[in-house]
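We did not get these values from a lab; they are worked out from the coordinates using the rules stated. Predicted, not measured: the structure shown is a model, and the values here were computed from it. Glycine also receives a Cβ, built like all others from the backbone with ideal geometry; neighbour counts cover every protein chain displayed.
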Ligand SMILES: C[S@@+](CC[C@H](N)C(=O)[O-])C[C@H]1O[C@@H](n2cnc3c(N)ncnc32)[C@H](O)[C@@H]1O
C-alpha cells in the first residue's frame, strides 16, 4: 500500500489501556490507513476520519471483552475491517476470518493485513451464506450489517455447536431482539443476552447481543471428507456441514 501523508488523528490516552504497548503501533497504522486510503477509496466517509478512534477503533476493541482466549472468529460483513481487523490487532491469540463480498473492500482488507504483517487473519470474499455447511467458528461477530433477524439467518449456520454469535448493535438493540423472536425460535437459538462493553473505559459504551444454540447437542455436524478439511491448530477440521436433528 502507498505511503500516506494526510494527517491522522493521534491515539487518545485510553487507547494505551485498550491496546498492549507492542500492538498500539499497529492500531495507529490501521487508523492512518483508514483515514487516508480508506477515505480516498470511499470505504469510510470523510466525516468519520476525525472520530476514527472514538467511534470505530475503540468502540470495536472493547468487543474483545466478550471473546474467549484462543478461539476462531469470523467477522461477517467486515467492510473496511470493523470490528475484525481491530480484534486481530488487539488479540493475536485469535484466528480471524474476515467475510466480505465486495472486491473493493476485500482488496483493502488484504492490503492492510500485508501492511501490518498480521498472521492471524484470513480474508474471504463472499457472502456469509456461501460458507454455510463449509466452515464453522467459535464466535461470529458483526457490526452494522443487518437487522438481527437477517443477521441470525446469515451467521448462525457458521456458529459452532458450542459457539456464539456476538453482534454489535446500537440503541435499537432491545427492539431488534424482540423482532427477531420468531427467527430465534425457528433456528433453535437460546435466549439472547445483551452486554454493555467498555464500561469504566470509554466515554460512550458499546452494546452487543450474544446468541448461542439452545441445545448444542442437537446441532450435529456430519464429518466432511478429509480433502475438504481445513487444519486448525493440529485438531480436526472446522469445516463441517450443519444438520440440525
Ligand atoms: C454498513 S457495512 C458495515 C461494515 C463494517 N462492519 C463496519 O462496521 O464499518 C455492511 C457490510 O456488510 C457487507 N455484507 C452485506 N451483506 C452481507 C452478507 N450476506 N455476508 C457478508 N457480508 C455482507 C457489505 O458488503 C458491507 O461491507
Which listed residue is within 16 Å of the chain's Cα centre (by Cα), touching a residue at least 60 places away in the same chain (Cβ under 8 Å), within 14 Å of the ligand (Cβ to nearest atom) and assigned to a loop (DSSP other than H, G, I, E, B), from 63, 58, 82, 43:
82
Looking at this structure, is residue 136 closer than 25 Å to residue 19 by Cα and surrounded by 15 or more Cβ atoms within 10 Å (Cβ to Cβ)?
no
Selection from region 105-144 of residues that are assigned to a helix (DSSP H, G or I), within 14 Å of the ligand (Cβ to nearest atom) and within 15 Å of the chain's Cα centre (by Cα):
105, 106, 109, 128
